[in-house]
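Novice: I am attaching a structure below and will ask some questions about it afterwards.
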Amino acid sequence: MRIAELRTANIPIKNRSIESTLGFVFNGDHCLLIQKNRPDWQKGSLNGIGGKLEPGEYVIPGVIREIEEETGYPSSLLCRLKWNHFTQMYFESSNARMHVLSAEWTGLDFWDYYDPDVDNGGEGTPVIVNINNLPNNCLPILHWLIPLSKRPKTAPWKMINSKDPLDIN
């Protein structure tokens, strides 16, 4: 499946000043993260992979583009994964919304594409971590967001999938 073919499977984007994605790619008990170089408050910390959506870009192609840019994992393979857009976070103070997605990469070739020295414009270093023993330098939110994204159907609360929790209509 090509990125252009994913358009119909995406969540529509509303007019916000900032729309971004945060993605987690799993392979069993391992997750692909990035040790951030920027912004300063994240420097040295592990985070999911993502960034701002480009004008007119849909959520799933946006997270795929960001993961390819920051890790070198090819979009031609990332497009084949089943993406789960399991929640959104709305930040009222900055009028921003972050779409959080996850996907499971099955197969041994996951490790074949791992390159900690990928040229990603200085974003940081891709890291594969064991989710059962998250490193201390993970951003605090990852300690609940990773388990939730790995098993979203077991969450004891209703997830918000396609509607901003602050939108009434």
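Novice: Residues being outside any helix (DSSP H, G or I) and not acidic (Asp, Glu): count how many of those fall in segment 30-81. Write out each step before concluding.
Specialist: Here is the first cut: in segment 30-81, the residues outside any helix (DSSP H, G or I) are 30-39, 43-58, 72-74, 79-81.
Going one step further and asking which of them are not acidic (Asp, Glu), we end up with 30-39, 43-53, 55-56, 58, 72-74, 79-81.
Number of matching residues: 30.
Novice: Mind telling me which of the residues Glu19, Glu54, Glu70 ends up being surrounded by fewer than 18 Cβ atoms within 10 Å (Cβ to Cβ) and over 19 Å from His143 (Cβ atoms)?
Specialist: Working: Glu19 fails: surrounded by fewer than 18 Cβ atoms within 10 Å (Cβ to Cβ); Glu70 fails: surrounded by fewer than 18 Cβ atoms within 10 Å (Cβ to Cβ).
Unique residue meeting the criteria: Glu54.
Novice: Right, Ser93: at pLDDT 95 or above and hydroxyl-bearing (Ser, Thr, Tyr) or not?
Specialist: It is false that Ser93 is at pLDDT 95 or above and hydroxyl-bearing (Ser, Thr, Tyr).
Novice: Condition first: buried (at least 19 other Cβ atoms within 10 Å of the Cβ) and at pLDDT below 95. Can you find one or more residues in segment 42-51 that meet it?
Specialist: No: segment 42-51 contains no residue that is buried (at least 19 other Cβ atoms within 10 Å of the Cβ) and at pLDDT below 95.
Novice: Follow-up. If you scan segment 82-96, which residues turn out to be surrounded by 20 or more Cβ atoms within 10 Å (Cβ to Cβ) and either outside any strand (DSSP E or B) or basic (Lys, Arg) (or both)?
Specialist: The one that is surrounded by 20 or more Cβ atoms within 10 Å (Cβ to Cβ) and either outside any strand (DSSP E or B) or basic (Lys, Arg) (or both): Trp83.
Novice: Those residues that are surrounded by 15 or more Cβ atoms within 10 Å (Cβ to Cβ), part of a loop (DSSP other than H, G, I, E, B) and not aliphatic (A, V, I, L, M), I need them from segment 101-136; list them, please.
Specialist: Hits for segment 101-136 are Trp105, Tyr113, Tyr114, Asn120, Glu123.
Novice: Filter segment 55-82 down to the residues that are without any contact (Cβ under 8 Å) to a residue 40 or more places away in the chain and among the hydrophobic types (A, V, I, L, M, F, W, C) and list them by number.
Specialist: Once the filter is applied, which keeps residues that are without any contact (Cβ under 8 Å) to a residue 40 or more places away in the chain and among the hydrophobic types (A, V, I, L, M, F, W, C), segment 55-82 yields only Leu77.
The values are calculated or read from the model by the stated rules, or taken from the named source; none is laboratory data. Keep in mind that what you see is a predicted model, and the values were worked out from it rather than measured. All Cβ positions, even for glycine, are placed from backbone atoms using ideal geometry, and neighbour counts span all protein chains on display.
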